[in-house]
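Step one of this worksheet: look at the structure below.
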Amino acid sequence: MARTQPAVDIRDLRITFDTDGGTVQAVRGVDLEVQPGEVLAIVGESGSGKTVTARSILRLLPETATVKGAVMVGPENVVTLDQRRLRQLRGTAAAMIFQEPSTALNPVYTVGWQLAEGLRAHGKYTKKQARAHAIEMLRRVGIPEPDRRVDDYPHQFSGGQKQRIVIAMALALDASVLIADEPTTALDVTVQAEILDLLRHLRDEFGTAIVLITHNMGVVADLADRVAVMYQGEIVETAPVRELFAAPAHPYTRKLLAAVPRVELVERVAPPEAATEAVVEASGLEIEYPGRLGRKGFRAVHGVDLRVGAGEVVGLVGESGSGKTTIGRAIAGLTAVTGGSLRVLGTEMRGVKEREFRPKRRELGFVFQDPATSFNPLLTIAQCVAEPLVVHGVASSPADARDRVDELLDAVQLSGGYGDRFPHELSGGQRQRASLARALALDPKLLIADEPTSALDVSVQARVLELFEELQERFGFASLFITHDLAVVDRIAHRVVVLHRGEIAEEGTAAEVLGAPRDPYTQRLLASLPVPDPVEQAERRAAFVALGGSAS
C-alpha cells in the first residue's frame, strides 16, 4: 500500500476523567495512524481504553474528559477544533457506526427521515433530493426494496438490517473515515458475515479507512489489515494481522488469543440419569403469536421435538427468528404453548395456569443475556441475589438470606464486598456472574441460559464459561443453553440442537453436528463463523460464498 497522508493520525494521546474518586487515566500516550483504504482493529478487554481512543477521533467524549495530544483527521486537529467546525467535520470527514443500532435510531421517525436529517444538517438538499439520496444509501448497504422500505420505522427491520441502516447513515456524506464500535456484537454469525462483507466492500471500493473496535478475534482475522492491542490505556503491540496472529509478541496478546473459544469437537458425556429422567420434553411443540388488528398470527415454532435429560446441557443454536428464545420462554412459562405438548419438570405447559406452575418455578433458574437490565439498579447485588429466596419464602428478608447469598457469590468468585455494591459498580462479566448466582439461589433442577456470554470480552467469556462448567458439575442441574456462538456450545453442551425457522434442522452430539453437519443450514452456520486465524478465515470465507453467502 503506497504511503499517503494518514486518514487518521493520533500522537501522544492522553485522556483523563474527573470522577468522585479522583482522576482516572483512561488513555496514556497512545500513537496510532490509519491509512486510506485500511482497516485498523483496536482490541482489548473492557476498560482497556479502546472505545475512548476511537471516540476521541470525533471528540465524542463526556465533559469530564480532559484530552491532550493530537488527533489529526486529514489536515485538522480534532482536539483543538471549535464546536462549529467540529459539527461540520462529523459525518463529512469521519463518522461513527454505533454498537447498538436500536439506541442509535429514533423509534418515532422513519429511517428515510433520519437519513435525510443528516444530509440537511450538512448541506442544502431539497426534500426530494434528500429522499432520493436516502433510497440510494439504503440500496448501497443492501436493504431490499429501498424505494418502499425508506418509509418504514426502525422496529420493522431485523437486527442486521438496522445495523446496515446505521452504516448507511454513517456513509450518507461520504466520510473518508468510519469508526465502527463493536458493529457485530449482537448479530448472528451469518448476519455478521454479511456486515463484515459490506465493510470490506467499502474499504476496497471507496478507499474508506475503518477503525474497528471489537472483542471478537474472529472478526479481526476476517476484516482487519493491522491490529493494535490495548491494555490499561496503552498500546502494547501493533502489527499486520497475519503477523500478530502467527507470532504475538506481548504476553497480553497471547492471553487474549488463548481465551478465544474455538470449535474443537470436545465430546462431553451426559450423566446416566439424563437417559432415564426428562426435565424438559417437547413433542410436536407449536407456539404461535396472535395477530393484531385482524392480521393472521405468526407461528414462531412448529413441530419441535426436544428433550433435556436430568443433569444434561443441551445447546440450542440458530439465527435470530429461529425460535430458540421463544422455546426458552415457553419452558419458563413466559410464553403460551399453542399446540403439541411441552412437559417441564413433570408439568404440562399447554394450557397451564400460573398458580399450577408457580410451585415449580423454584426449581427453574433463568440467566438473561443482559444482566444490566435484569437487575434492579436501586438494589445491591446481595439484595438482587436474595430476591428469589424472599419471593419463594425461603428467607423472610434479604438480611435473613445473607449467609446463603454470600455462599452463592463465593461460588461465582464474587466474594468480599461485591454483595454490597450496586449493579452499575460491577463490570459486564461480574454482573453476569452475579446473574448466575441469582439463578442458582434455589438449587434449580433446570437452568435456562439465554445468550449469557454474547456481549462479553473473550477473556471474560472464557472465565464465565469455565465457571458455568464448574457449577454445572458441582450442582448437577440440567441446562438449555441458548446461543448463536457455535464455539461456545461446542465447549459446554452434551448435545446440540440446531433450529431454523421454528423447526429442528439437525441434532446430535457436538462431534456429529459441528464435526460433520448434514443439513445445508448447519453447514452455512459453521462456514460463516469467523475463526481467529487470518489464513484459515480467508478459506472459510470462500466456503461461505460457495454455500450461498454474500461476496464482496
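Taking every DSSP beta bridge with both residues inside segment 400-525, roughly what % is antiparallel (nearest 5)? Here the share of antiparallel DSSP bridges comes out near 50 percent.
Note on segment 106-173: along the principal axes its Cα atoms extend 32, 24, 20 Å, ordered by decreasing extent.
Dipole orientation for segment 369-443: of the candidates GLN413, SER427, PRO388, SER427 has the Cα lying most toward the positive pole (charges on Cβ; Lys, Arg +1; Asp, Glu -1).
Taking Cβ atoms as reference points and 14 Å as the exclusive limit, the residues near ARG307 contribute a net charge of -4, counting Lys and Arg as +1 and Asp and Glu as -1. Across the chain, C-alpha contacts under 8 Å between residues 6 or more apart give a mean separation that, scaled by the residue count, equals a relative contact order of 16 percent. Of the residues ASP403, ASP457, the one with the fewest other Cβ atoms within 10 Å heads the list, and the complete ranking is ASP403, ASP457. Stretched out straight at 0.36 nm per residue, the stretch from ARG421 to VAL108 would grow longer than its current Cα-Cα span by 109.0 nm.
From least to most packed, judged by other beta carbons within 10 angstrom and beginning with the fewest, ARG491, ARG14 follow the order ARG14, ARG491.
Between the Cα long axis of helix 534-546 and the first principal axis of the chain there is an angle of about 70°, rounded to the nearest 10.
Take the Cα radius of gyration of segment 369-443 and divide it by 2.2 N^0.38 Å, with N its residue count; two decimals is plenty.
Taking N as the residue count of segment 369-443, the ratio is 0.96.
Going from the residue with the fewest nearby Cβ atoms within 10 Å to the one with the most, LEU409, LEU379, LEU138 rank LEU379, LEU409, LEU138.
Computed across segment 282-364, the Kirkwood radius stands at 13.6 Å (inverse of mean 1/r, all Cα pairs). Between 0 and 90 degrees, rounded to the nearest ten: what's the tilt of helix 381-391 against the longest Cα principal axis of the chain? Relative to the chain, helix 381-391 is tipped by roughly 30 degrees.
Treating r as the C-beta distance of ALA543 and ASP400 and R0 as 41 Å, the FRET efficiency rounds to 0.10.
When both bridge partners sit in the chain, DSSP labels roughly 55% of those beta bridges antiparallel. Calculated translational diffusion coefficient of segment 1-102 (10 °C, 1.306 mPa s; Stokes-Einstein with Kirkwood radius over alpha-carbon pairs) equals 109 µm²/s.
Dividing the summed helix terms, -39500 (n - 2.57) for each DSSP H run of n ≥ 4, by the number of residues in the chain produces a 222 nm estimate of -10500 deg cm²/dmol to the nearest 500. Diffusion coefficient (Stokes-Einstein, Kirkwood radius over C-alpha pairs, 10 °C, 1.306 mPa s) for segment 197-343: 79 µm²/s, rounded to a whole number. Pairs spanning more than 23 Å between alpha-carbon atoms, out of LYS50/LYS255; LYS162/LYS255; LYS162/LYS324; LYS162/LYS296: LYS162/LYS255; LYS162/LYS296.
All of the numbers you see were taken from the coordinates with simple rules; none came from a lab. Predicted model only: the values in this text are computed from it and were never measured. Every residue, glycine as well, gets a Cβ built from its backbone with ideal geometry; the counts of neighbours run over all protein chains shown.
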